[in-house]
Each structure stands twice: as structure tokens, then as C-alpha cells.
Amino acid sequence: MTNAPLMPKATAVWLVENTSLSFDQIADFCKLHPLEVKSIADGDAAQGIKGLDPILTGQLTREQIERAEADPSERLELANPKVRLPEAKRKTGPRYTPVSRRQDRPNAILWLLRNHPELKDSQIMRLVGTTKSTIQGIRERTHWNAANLAPMDPVTLGLCSQLELDLEVQRAAKEKPAPADRGSTLLPAEVTTAPDAEPEPTKPGGELNVEAVFAKLKQIGGKGEREEER
């Protein structure tokens, strides 16, 4: 992530505990969501994470923090590092999942299969850090713990972020082929059950044939008189 502190959550913990900066200011500097910063302040998130002083690490100055505390519209900027570190190469392959979260992966896979069947196996592997055989076993209900699995949102479990999930869903939607022509469909019941209307007599040119209409009316009138005589 560009222009972000080395340890965003640890830095956010320190700023929450040691400054009067607003949640928006801390979130903007640490590249976090304001609600996530609020949850840190409430003690609902980042429990057990020790705060990292950005002043000691050279990422901020005391003067910057004091200016931002006095002006809520002020935004903190990451100081230029004195030592340039090479960018870490992104590893390819399944995502690493902490040991404490690995037992939740089958539930997350089941949730993804049910709620986003358009996702490919490779996308699910990137999201929750699993293997193709595990996905296949859960899909076919041959997983060793299939009877006890319950679908759970991987974002809620902390296996991936909402942005990562939305990105994979959008990719799958773009790659999904357009639906083929289904051909003719059944007509509605009110159309198929409606009585056939007799076409009005017309002339070859498409105009209404007045003589034929009067002849039809006379015919109907004659039928009515005969029925009264009976």
C-alpha cells in the first residue's frame, strides 16, 4: 500500500491512545476506515496490538501532530524515509491464513459457494487461502466435516477484506458469458385462455367493408327474432 505507515494498525493504536486527532485524520494517515479506527478506540479491534510511535520511527513529527490536533481539517503526511527500502515482491499462490483462523476456512468456503457461485476456484483460493481439493470436497459434500459446516462470511471471519471480496466478484461478473438465447417462451395464461375474436371484415386494401358489417348485423338480428318466435 503506497504512502502508508509501516504498521498501520499499530500506528493507529498509538495515535488513538496518545493524541486528540479525529478518527478521520487517523484513518486517512493509516489508510484505514474511520469505523475501524473507532472500533480501535472502543476496544473492539486491534486488541493485543502494541502501539507504534510514528515519531520515533521517523514517519511523523511532533509539529505535524500538533498542527493536526489544532485544525481538524489538517491531514497528516508521511515523512520521507531516510533510508530507501526495496519494494517487497508480492508472492503468488494461496493466501497465508493464521493458525487461529484456519478452522474457519471451510465455513467461509461454503458461504462463498452458496452466495457467489460465479467465483472460480482460483478466486476462492486467493480469498481464503485454501486448496482446490478442499473446495471440491466442500462442494460435493465429501469433506470430512461436511455435516458440521455452517456458511459464514469470510469478511466477518477476518479471512479477507470487503474490498478484496468485491473485487473478485466484479472480476467474475465480467468474465461470465452473456446468457444464450432461450428461444420462444410460453405466453401468459390470460392470452392463451382468452376467446378468439372474430376479425372484422375488411376490403383487400385494408379498409373496413361497410356492406359486410351491415350484412353481419342483419344476420345477428335475424337470429334474435327466430329465437323469440320459439
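The values are calculated or read from the model by the stated rules, or taken from the named source; none is laboratory data. Bear in mind the structure is a predicted one, so any value in this text is a computation, not a measurement. Using ideal geometry, Cβ is built from the backbone for each residue, glycine included, and neighbour counts are taken over all protein chains shown.
For segment 36-52, the set of residues classified as among the basic types (Lys, Arg) and either touching a residue at least 40 places away in the same chain (Cβ under 8 Å) or closer than 16 Å to SER73 by Cα (or both) consists of LYS50 only. Only residues that are over 19 Å from GLU77 (Cβ atoms) and either in contact with a helix residue (DSSP H, G or I) (Cβ under 6 Å, 6 or more places away or on another chain) or in a loop (DSSP other than H, G, I, E, B) (or both) were counted in segment 17-35, giving 1.
Looking at segment 77-130, which of the residues that are at pLDDT below 90 and of a type in the set (Ser, Thr, Tyr) is surrounded by the most Cβ atoms within 10 Å (Cβ to Cβ)? Checking each candidate, the answer is THR130.
Among residues of segment 17-35 that are in the same structural domain as GLU66 (by TED's automatic domain parsing), those with a Cβ under 6 angstrom from a residue that is surrounded by 14 or more Cβ atoms within 10 Å (Cβ to Cβ) and of a type in the set (Lys, Arg), sequence gap 6+ or separate chain, pair up as PHE23/LYS38.
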